[in-house]
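Colleague: I'd like to ask you about the structure that follows.
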Amino acid sequence: MTKRSMLLTAASWVAAAAGVLAATGPVQAQTATASTPTDGAATASPDTNGSANQVEEIVVTAQFREQNLQRTPLAITAVSGAMMEARSQNTIADIANQAPSVTLKPNSAFFGPSLAANIRGVGQFDFHPALEPGVGLYVDDVYYSTLTGSILDLLDVDRVEISRGPQGTLSGKNSIGGSIKLYSKRPQGDGSGYASLTYGSRSRIDVRGAIDVGLTNELALRVAGVSRAQDGYVSRLDYGCVNPGQGIPAVRDAPNCLMSKQGEVGFRAIRAQLRYQATPDLEFNIIGDYTREKHEMAGSVLTDASYNGTGDINPFPTPQRFDARFICGRYCNYAAYESPADGALARSVIDGQVNYKGWGVSGQVEWKVADGLQIVGITAYRWYDSIFTAEDDLSPMSHGLGGPNQLKFHSWSNELRLNGDVADRLHYTVGGFIMDQDILYTARQDLRYTPGSPLVFVSGDPVPSFTRAAFAHAAFDVTDRLTATAGIRYTKEGKDYSYRRRDRNGNLLSGQNGLLDGRTGSYRGDRWDYRANLAYQITDDVNSYIQYSTGFKGGGVNPRPFAYTQVQPFAPETLATWELGVKSELLDRKVRLNLAVFSSKYRDIQLILNTCPQFNPPGIPATATFPCGLPANVGTARIRGFEIESSIRPVAGMLIDAALSHVDFKYLTIAPAAGGPGNPAGVQFGMVPPYTPKWKWSIGAQYRIEAGNLGTFTPRFDISHQSDAWGTAVNQNRTRIPAYTVSNARVTWRNVGEDIEASVEVTNLFNKYYYLTTTEISGPAGANAQPARPREWAITLKKKF
């Protein structure tokens, strides 16, 4: 931990200690506005049982204090833990189906256990530690800074808040597309808890539970755990066994040609929170969590095979080409997990496994210093070790194996806020944030498709980075109906990337990879972000706002150079957005209807250059072809769109929710090195970033049926749709994700006391075949895709106490 980190940590806890001393004397009551939630269960718990006659009141903390969702002048979706359960949602990736303009997908095997995230056309899908996320992810206000380890289970979650549009002043760097914040249930000390067991398709077994106990009158502990296991759904077949007589030897004897099943689930996690309420005005929360994930890699299918390169990828005595015969089908592939020995090249083997373990601990203090004044301090440490492997050609050919890839990560973060209210009209927050993180990225690469000579090396690259920020936010009630809000944040950041390139025995390599060994690339930058918002309460039930806000995604250093001359930094990309919104509750609060319209200017867009002759190594002229994979700031774009969200209580016991979004992305400029008319192989005008569907919509409905002494039955049906999207920046037909519509259904029975429930669910009800992600095979040699899970059923029993 740096001296600055230590100082800010100390400041947080010294303030808390001072509060303990101050608590020995009288302290005035704190107003509700200058506070963060102290009772997680009360902040956002929509009545998903559908017994109410009005839409529920939802409280969020997007502006550093508790506010009614309808009075918060932001485009924000809030979902309670109860609603996520009713929708049969288990991970953070599931919640995007009902959130407008939001795409969250578990990444393909090539990127390991990481999340592809995009909001309003801005995001990131590459896990590499040199690259920054485009959507900020927080758990209990602790920032998760990498895409690896971000496919979070919705374990004991009270609510999720998804803020759309740049959150540069409210959340900080990398929340350029928006932010996603998960809040866990806080201990109440009431002896409550639950236990649930799920059994379903392909030997699915889920076990969940939580218990909340009071240790003393002031001290409460809540512990929650989950275990999820399920067999895979994509068959990995032995090509030589299925197709004998083609010169490719079989590993297995027919008819048992199955090697393994990809797409398994193997996940365990535990979370504990200790809550100490020293006085009504002083509270401490200490949270610890541990996650273990081990299973076969994500399921993939080959969708295009057309290698025309000069690299020798055939390890067999007879002539073989990488072509369409290796396309197995809808839920199968011919991945061999091996590149056989070939001449001077040694045999390479991967195990096809994902092996992730991580843990973290955080401490939060909330001290109400005086009437209208509160100090909040948050300190967190996070650590993980992630190992994964990948085979992108999904065939017995020796195109390229990735792995094992290993990321060892740890970070310290500290945040200190002062929340205040003045004369019940001015509500302000000032604060600071610091973070230091270290990542060691180790990988073994066996890339035989490269022209001339294969790239076979072992890397071990340390990537330390830091962030420092200060921010201020203020909302002033000009009148009882008019509120003016302004925010500002200054961020300073830096990152160093050191390259290690050796052979498997640790010896220096010859050629360009050898010249990379020992070199370090550095990036330093700073940034001001702004927010101005004017909100007007038209009536007691209709609120409107207009807003201008900015955000940025951090810069970095090229993580994949082919020569030392390509060790180059790239700058942040930025977004500035105008937004107009209306939030309303109509017909005696039976209908909630929220609308937002936005227009953004996207500058210094980070794209990968496939050609960069200006950085060719000495001796290779700019007119010669040389491999390149350089991130650079190469374009600008205009993004426009609208979003609609609604909840309706047409009759007692019924709930209908719906969402619709439209995102219109248009490149305005593209640097010649990245694409445009003079570079047909690159990004072209009319293309869109990865995972940016133009249209999304969803509808869900449930109805609570009273059955007297039998209890209640609540059937629920959800349907969601997204239009065409692409998995790569260069939109090609082979990486297109065709439009799809998916439906889920669930029926839940509850006894009269509502402490026992049983549910039956079917996901992907109509067995729609569609892709979650698509990836181009390096070379380029084709493409593969990650198909979504087929129709699955599950039965869940739950006991509350």
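Colleague: May I have the pair-distance distribution P(r) for segment 62-115, computed from all Cα-Cα distances with 10 Å bins from 0 and rounded to whole percent?
Modeller: Computed distribution, short to long bins: 19, 38, 33, 8, 1.
Colleague: Which aspartates and glutamates, on any chain, are close to K294 with Cα under 19 Å apart, when same-chain ones fewer than 8 places away are left out?
Modeller: Within the straight-line limit of under 19 Å, K294 reaches these aspartates and glutamates: D153, D206, D231, E264, D351, D385, E391.
Colleague: For the chain, which whole percent of the accessible surface, found with a 1.4 angstrom probe, sits on carbon and sulfur atoms?
Modeller: 59
Colleague: If you bin the C-alpha pair distances of the chain every 20 Å from 0, what whole percents do you get?
Modeller: 15, 49, 30, 5, 0
Colleague: Just order 473-479, 171-177, 403-409 by mean Cβ neighbour count inside 10 Å, highest at the front, would you?
Modeller: Peptide ranking by packing, descending: 171-177, 403-409, 473-479.
Colleague: Using label points projected 7 Å from each Cα along Cα→Cβ, tell me how many nm separate F717 and Y770, to one decimal.
Modeller: With each label point 7 Å from Cα toward Cβ, the separation is 1.7 nm.
Colleague: So, one more: In Å², what does the accessible area per residue of segment 657-738 work out to with a 1.4 Å probe?
Modeller: It amounts to 43 Å² per residue over segment 657-738.
Colleague: Just how large is the dipole of the chain about the Cα centre, in debye to the nearest 20, putting +1 at every Lys and Arg Cβ and -1 at every Asp and Glu Cβ?
Modeller: That gives a dipole near 1100 debye.
Colleague: Sorted by average packing, counted as other Cβ atoms within 10 angstrom per residue and highest first, what order do 241-248, 617-624, 178-185, 693-700 take?
Modeller: For the peptides 241-248, 617-624, 178-185, 693-700, the packing ranking is 178-185, 693-700, 241-248, 617-624.
Colleague: Using Cα-Cα distances under 8 Å and only pairs 6 or more residues apart, what relative contact order does the chain have, in percent?
Modeller: 12
Colleague: Any idea which of Q273, N217, G247 is furthest toward the positive side of the dipole for segment 147-295, if Lys and Arg beta-carbons carry +1 and Asp and Glu beta-carbons -1?
Modeller: Positive-most Cα among the choices belongs to G247.
Colleague: Here is a further query. Are any of the pairs K696/K768; K408/K800; K601/K694; K173/K601; K357/K492 more than 28 Å apart by Cα-Cα distance, and if so, which?
Modeller: K408/K800; K357/K492
Colleague: Averaged per residue, what accessible surface does segment 233-365 expose to a 1.4 Å probe, in Å²?
Modeller: Each residue of segment 233-365 exposes 45 Å² on average to a 1.4 Å probe.
Colleague: Relative to the longest principal Cα axis of the chain, at what angle does helix 3-22 sit, 0 to 90 degrees, rounded to 10?
Modeller: Tilt relative to the chain: about 20 degrees.
Colleague: Only helical DSSP H runs with n ≥ 4 go in: add -39500 (n - 2.57) per run for the chain, normalise by residue count and round the 222 nm mean residue ellipticity to 500 deg cm²/dmol.
Modeller: Taking each H run of at least 4 residues, the total per residue is -1500 deg cm²/dmol.
Colleague: Just in segment 227-286: which trypsin sites (Lys or Arg not before Pro) are loop by DSSP and have at most 15 other Cβ atoms within 10 Å?
Modeller: Details: sites: R228, R236, R252, K261, R268, R271, R275; in loops: R252.
Passing both the DSSP loop test and the Cβ count: R252.
Colleague: What does the charge count near Y337 come to, summing +1 for each Lys or Arg and -1 for each Asp or Glu among other residues with Cβ under 14 Å from its Cβ? It would help to have the intermediate numbers written out before the result.
Modeller: Values: positive: R236, R252, K261, R347, R444; negative: D238, E296, E338, D351, E391, D392, D393, D446.
Result for the neighbourhood of Y337: -3.
Colleague: Counting Lys and Arg as +1 and Asp and Glu as -1, what is the net charge of the other residues whose Cβ lies under 13 Å from the Cβ of P133?
Modeller: Net charge around P133: -1.
Colleague: Report the Cα centroid-to-centroid distance between segment 665-687 and segment 86-146 in angstrom, as an integer.
Modeller: What the calculation gives is 26 Å, centre to centre.
Colleague: Shifting gears a bit: Would you tally the net charge around L170, using a Cβ to Cβ cut-off of less than 9 Å, leaving L170 out, and scoring K and R as +1, D and E as -1?
Modeller: Spelling it out: positives minus negatives among the neighbours equals +2.
Colleague: How do 161-167, 670-676, 651-657 rank on mean C-beta neighbours within 10 Å, highest first?
Modeller: 161-167, 670-676, 651-657
The values are calculated or read from the model by the stated rules, or taken from the named source; none is laboratory data. Please read all numbers here as calculations on a predicted model, not as lab measurements. Cβ coordinates were reconstructed from backbone atoms using ideal geometry, including for glycine residues, and neighbour counts include every protein chain displayed. Just the protein is used for accessible areas: all its heavy atoms, side chains included, with ligands, DNA and RNA removed. Shrake-Rupley method; radii C 1.70, N 1.55, O 1.52, S 1.80 Å.
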